[in-house]
Every structure is written in C-alpha cells, then in structure tokens.
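As structure tokens, the structure follows; a few thoughts come after it.
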C-alpha cells in the first residue's frame, strides 16, 4: 500500500509516518508539508491512501480534497484534525473523504482504519479485474468500433467523416425516443453483485433482444449495449421511431407513454428478483414537423440519463420518463437531531423510525428530489447520531456508523434500500443506548431528566438536582455526563430552548413573557442564550416561523 501523510507540523508529520511504518513495514510511506506539495505528489504518484491534516498554510486539507475529487483521482483521503466539529466531517464527506481521524492520534484507531482501507482496496482491485474481463468478453461478442460510434452519436460528438459508418442503420436518422436501461443488483450485497456480473454476457444478449422486441410494439426499434467504465453497471440503449399521427394529440401522447411504461414494467417483472432493471426515457415532444437539429439526439440522451438517475426513488417503480420530472423542489428536511436522539432512548425504536421515515418521505418530494440530496442527508443524519452518542455507545458501533455514512449510503441502489440501511443503524444505536440504561444509575439519570422537564421554569441548579436524588453534586455531574454525553446545564438549556421555540412558533406571547415561562428572569440573557443555541435571535426565529406557517397555509 502506498500512503502519503500531509501535515504542516513537523513533529506530527514525523510521528504519524513512524507509526504507519511500524504498523505496515512493507508499505511505501511518503510525506508532504502542505496541500500544494501533496497535490503535486498525488498527481504524479497516485498513492492508495492520503492522511491529511485539515488546517494548513498555502492549501488546507478540505481544498486539497475538493481538487482531488474534481480531477477524478480515486485516491482514498482520510482527514485528520484536532477539531471535533461536525461541520468539518460533513464538508469532508461531501467532497469525498473516506474517513475522519481526531488528534491526538489513537494507534488502535489507526490500525482499524488501515485494515478497513486494505479491505476496500482489495475489493476494488477484484472488481476492476472482473469488470475488465467482462468488458473484454463484450468487446469480443460485438463490434467495439460500432459501440464507440454509437456513443459518439448519442453525445453529439460523432465526426461528419464517420457518420457514414452508421448509414446502414436507417432508423438512427429519425429517432423519437431513447430508453437507457441499467442492469444492476437488487441488493447492496457485494457477493450478489459479483454473481450477477458472472451472468451478464448471456443476460445482456437476451435483454437486448427483449428490449428490441418490446419497442417493436410501438414502431421500429434497435437496442445495443452501451460502453461503460469498469465498476459501473451495464447499460443498454434502445432507440425508437414510433408509429404516430402527425401532429400527435396530448391524449394520444399520454396513451403512448402509458403503453411504453406498461411494457417496460412487464419486462422488469419477468427478471429474477435479485436483479434490478431501471429505465430512463428521453422522448421528443412531437411537433408537426420532425426535429432534425444537431442537438436533438444528445438532448434526448441527456434527458434519458437524468431520468434514469431518478429511478432511485421507489415511487417510479424503476421507470422514469424525463418529461414527467418536475423541477427540483426546495429541500425540506425536518429531522431534528436532538429529538431523534431522545426518541432512540425510548423503550421502543418505533418513534425514531417514524421520525426518520416522515422526514425522508417529505424530502423525497414524491420522487422529484435529487437522489444525491437524499444520500447526503442520510449520511448527515448518521454522522449527527455518531457525534451525539460518541461518549455513550461502544467504539465499534461508532466505526460502523462512519463506514455506513462513507460507503454504505452512497452504495444504496434505491430509496427503499437507503431507508432500510438508515433504520438498521438507528436500531443498533437504540439497542446500545437501552443496554446502558440497565442498573440504578441509569434509572436515576432518567428520573433526573424527567425532573428537569417538570421544573425547567424554576431556578433549578445541579446542586438542587443532586440533593433531590441523594448524590454528591460533583459525582452526580460526572455520572450524568458519562451516561448521556451532556452536562446537567446542557440538558436544562436544551429543554428551555425547545419550549422557547414552541412558544415563539405559536406567536402569541412577547419575548419577555416567553423568557419568564422558560425559566429566565433576565430577557437579555435569554436572548443571548437563544441566539447562541439556535443561531438566530428570538425575534428572527419568531419571524421565520411566522413566515413559514404563512407559506404553508397558502400552499
């Protein structure tokens, strides 16, 4: 394994390099003092793994991460920082970081990370080898040259001198619709996916013929496999020249679209359950005269590819017509991290599951939300839960949550699989949290939290709570922190702020009245605390909630 370590502090750089060389004597370890030097090294040496500090002069770690991702370099980058801030982790994941380490570096965590990365690299190497073999078999079974020409034709880049090579395909001169079909595994299981790859040559030939036969019910059709990169799912393109009146009416067009959808649904249903077929349709809006513009085919192909991506949503049943997609709606995600954490501490995980399902159902916007947005928010939810429970649940579960956010969620093939994975991890957190509730100490803490809920309007203190439950104040503070991950003051403030947001949202009380009802005698102090916790002043939050309620009422 080739490892590059990036840090502007020489002592940390030497220490990390020495640790890695001790753990992996056969690894090739190199170092760089900042992001600029590291980027040059990555471009020339293509290391397998980069361990990079975040805050550095000249070019910081996040900027390095973004540039590497933009250039398509597949090096695995792990961010290293002394700052345990969720914003850093969120930004790092968004730009493609595969993990996040905190300084001072724990040798056990580094060993776990190296083992995980070695496993990932081995699996990717195996997949590249299998994909290369499959590509070679497909190349021998069909004309690679013809496939290249068709790909150029779809993208609008076919040179004039090569257009004659496709002249014998008269159908391509007037295409009304393009269907891009993707063959993928119906699960996220790597073994299932490998088994499907072994069956692809015969499956590809059979499915190509079936797509042509299905398209023939509506006019003339031809289908061919599309050249793909190693590791990508195999795709088939079907070109249709439809039998239709000119001009076509809206009712006839709707009937035609329903017919195409029904045929594709039947074709998908005829495949084995562990095989997932997805179809994206790019269809012309038929004018009185055929559109023969140069951009017509590339536009249809782009529309079909975009539609195919949205087949991720189970609402579409694997078939999306680009003409039916609505403009991307504004993202609405109403899953409060603290509310979810509290639900996970209940005896049953049902409340947490309901919160999660409702939030992602709203975010999906009936299948019109960008699938990447769904995955980003799912990863964000997992990382929030990990951050909130890091001092409570076992370390191994924290590693599982990180792996899920970094690798598991991006690999989800459908919205159903995404929610299933998310709920699986939430249930694991729920079991871990509830296991820690056993014993007298946990029961006392639960009673104290209920006591806070009942007395937050009063001038309650840690000393009062400790005396109420017959504990030394110092020991009681340590106990609460170890069992919940938060101090008594944090819990009291959170309870008061939650009630303040409810009262501000109702819009019926003045600020000083809300402050008094939430246990604050000084309105200015309440205002400072609210802004520190929420990020907005009480007046701004009240105005935002009032405006939001008004918009929803109009809708």
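The values are calculated or read from the model by the stated rules, or taken from the named source; none is laboratory data. Everything quoted here is computed from the prediction, not taken from an experiment. In this analysis, Cβ positions are derived from the backbone assuming ideal geometry, glycine residues included, and neighbour counts consider all displayed protein chains.
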Next on the checklist: Going residue by residue through the stretch 5-16, is there one that turns out to be within 19 Å of residue 121 (Cα to Cα), within 26 Å of the chain's Cα centre (by Cα), crowded, with 19+ Cβ neighbours inside 10 Å and at pLDDT 90 or above?
Outcome noted: no
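Given the options 504, 509, name the one that is within 24 Å of residue 337 (Cα to Cα), out of contact with any strand residue (DSSP E or B) (no Cβ under 7 Å at 6 or more places or on another chain) and not assigned by TED's automatic domain parsing to the domain that holds residue 385. Steps first, please.
Details: 509 fails: within 24 Å of residue 337 (Cα to Cα).
Answer to the check: 504.
Residue 499: in contact with a helix residue (DSSP H, G or I) (Cβ under 8 Å, 6 or more places away or on another chain) and modelled with pLDDT of 90 or more, yes or no?
On the way: in contact with a helix residue (DSSP H, G or I) (Cβ under 8 Å, 6 or more places away or on another chain): yes; modelled with pLDDT of 90 or more: yes.
The answer is yes for residue 499.
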Item to check | Number of positions in the stretch 178-196 that are within 21 Å of residue 259 (Cβ to Cβ) and either at pLDDT below 85 or in a helix (DSSP H, G or I) (or both) | outcome: 0
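If the requirement is being assigned by TED's automatic domain parsing to the domain that holds residue 299, at pLDDT 85 or above and surrounded by 12 or more Cβ atoms within 10 Å (Cβ to Cβ), which of these qualifies: 203, 253, 199, 267? Before you say what the answer is, go through the steps one by one.
On the way: 203 fails: at pLDDT 85 or above; 253 fails: at pLDDT 85 or above; 199 fails: at pLDDT 85 or above.
Step by step, each of 203, 253, 199, 267 is checked, and only 267 is assigned by TED's automatic domain parsing to the domain that holds residue 299, at pLDDT 85 or above and surrounded by 12 or more Cβ atoms within 10 Å (Cβ to Cβ).
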Checklist outcome for this item: All conditions in (1) in the same structural domain as residue 7 (by TED's automatic domain parsing); (2) touching a helix residue (DSSP H, G or I) at 6+ places or on another chain (Cβ under 7 Å); (3) at pLDDT below 90; (4) surrounded by fewer than 21 Cβ atoms within 10 Å (Cβ to Cβ) are true of residue 61 except (4)
Checklist outcome for this item: In the stretch 522-535, residues that are farther than 20 Å from residue 491 by Cβ and either touching a residue at least 24 places away in the same chain (Cβ under 8 Å) or more than 37 Å from the chain's Cα centre (by Cα) (or both) total 3
Next on the checklist: I'd like to check which helices (runs of 4 or more DSSP H) are fully inside the stretch 282-383 and have at least 1 residues that are farther than 26 Å from residue 238 by Cβ.
Outcome noted: 337-344, 350-364
Item to check | In the stretch 298-325, the residues that are within 19 Å of residue 177 (Cα to Cα) and surrounded by fewer than 20 Cβ atoms within 10 Å (Cβ to Cβ) | outcome: 298, 299, 302, 305, 306, 309, 323, 324, 325
Checklist entry - Can you name the residue in the stretch 384-396 that is in a loop (DSSP other than H, G, I, E, B) and without any contact (Cβ under 8 Å) to a residue 60 or more places away in the chain and is also surrounded by the fewest Cβ atoms within 10 Å (Cβ to Cβ) among such residues? => result 394
Next on the checklist: Condition check: surrounded by 14 or more Cβ atoms within 10 Å (Cβ to Cβ), in a helix (DSSP H, G or I), outside the structural domain of residue 388 (by TED's automatic domain parsing) and at pLDDT 90 or above. Does residue 417 satisfy that?
Outcome noted: no
Checklist entry - Is there a residue in the stretch 120-133 that is modelled with pLDDT of 85 or more, within 27 Å of residue 14 (Cβ to Cβ) and out of contact with any helix residue (DSSP H, G or I) (no Cβ under 9 Å at 6 or more places or on another chain)? => result yes
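Listed residues 432, 399, 407; which is part of a helix (DSSP H, G or I) and at pLDDT below 90?
Values: 399 fails: at pLDDT below 90; 407 fails: at pLDDT below 90.
Residue meeting the stated conditions: 432.
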Next on the checklist: For residue 88, only one of the following conditions fails: (1) farther than 15 Å from residue 102 by Cα; (2) under 28 Å from the mean Cα position of the chain (by Cα). What is its number?
Outcome noted: (1)
Checklist outcome for this item: For residue 454, the lone unmet condition from (1) crowded, with 18+ Cβ neighbours inside 10 Å; (2) modelled with pLDDT of 90 or more is (1)
Next on the checklist: Please determine whether any residue of the stretch 221-237 is part of a helix (DSSP H, G or I) and at pLDDT 85 or above.
Outcome noted: no
Checklist entry - Among 154, 102, 117, which is at pLDDT 80 or above, surrounded by 12 or more Cβ atoms within 10 Å (Cβ to Cβ) and in contact with a strand residue (DSSP E or B) (Cβ under 6 Å, 6 or more places away or on another chain)? => result 117
